[in-house]
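Have a look at the structure below, then the notes.
The values are calculated or read from the model by the stated rules, or taken from the named source; none is laboratory data. Fair warning: this is a prediction, and the values are worked out from it, not measured in the lab. In this analysis, Cβ positions are derived from the backbone assuming ideal geometry, glycine residues included, and neighbour counts consider all displayed protein chains.
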Amino acid sequence: MAAQVSLTSRVRINRDVLFQELQGEAVLLNLTTGVYMGLDKVGTRIWHLLEKNEVLSEVLNVMLQEYDVAEASCSADLLDLVSKMREQGLVTVE
């Protein structure tokens, strides 16, 4: 069973995922499974942060600096998005 996603989790983008951005929004496509996911502007920003930061607490800290959002809400949304990405085979969580 996969570990639960938490702020201490390390997240790696899977190699077989194609990222295409258009006007601030993005589409992710797992080239192996054909599964895709659309991201809004905030989700796209999170994706870019995941490319540079493996630990989710680091991603959360940047998001809190850039957006006027409560930490609890931002944390819950981040963990939810990463959980969905993992379910779709777009990222690996450790």
- Query: How many residues are within 14 Å of Leu81 (Cβ to Cβ) and either assigned to a strand (DSSP E or B) or aromatic (Phe, Trp, Tyr) (or both) if we restrict to the range 1-20?
  - Reply: 2
- Query: Residues of the range 67-94 being of a type in the set (D, E, K, R) and either within 28 Å of Asp16 (Cβ to Cβ) or in contact with a helix residue (DSSP H, G or I) (Cβ under 9 Å, 6 or more places away or on another chain) (or both), which ones?
  - Reply: Glu71, Asp77, Asp80, Lys84, Arg86, Glu87, Glu94
- Query: All but one of (1) on the phi < 0 side of the Ramachandran plot; (2) surrounded by 12 or more Cβ atoms within 10 Å (Cβ to Cβ); (3) touching a residue at least 40 places away in the same chain (Cβ under 8 Å) hold for Thr8; which doesn't?
  - Reply: (2)
- Identify the residue in the range 21-65 that is assigned to a loop (DSSP other than H, G, I, E, B) and among the aliphatic types (A, V, I, L, M) and, among all such residues, is surrounded by the fewest Cβ atoms within 10 Å (Cβ to Cβ). Leu31
- Output the residues belonging to the range 11-20 that are surrounded by 13 or more Cβ atoms within 10 Å (Cβ to Cβ) and within 21 Å of Ser75 (Cα to Cα). Val11, Ile13
- Is it true that Ala2 is aliphatic (A, V, I, L, M), modelled with pLDDT under 95 and out of contact with any Ser or Thr (no Cβ under 6 Å at 6 or more places or on another chain)? yes
- Residue list for the range 19-47, filter: polar (S, T, N, Q) and over 12 Å from the mean Cα position of the chain (by Cα): Gln20, Gln23, Asn30, Thr32, Thr33
- Message: Show the residue pairs meeting these rules: Cβ distance below 8 Å; 6+ apart or different chains; first residue within the range 73-94 and touching a residue at least 40 places away in the same chain (Cβ under 8 Å) and closer than 16 Å to Met37 by Cα; second residue crowded, with 18+ Cβ neighbours inside 10 Å and hydroxyl-bearing (Ser, Thr, Tyr).
- Response: Val82/Ser9
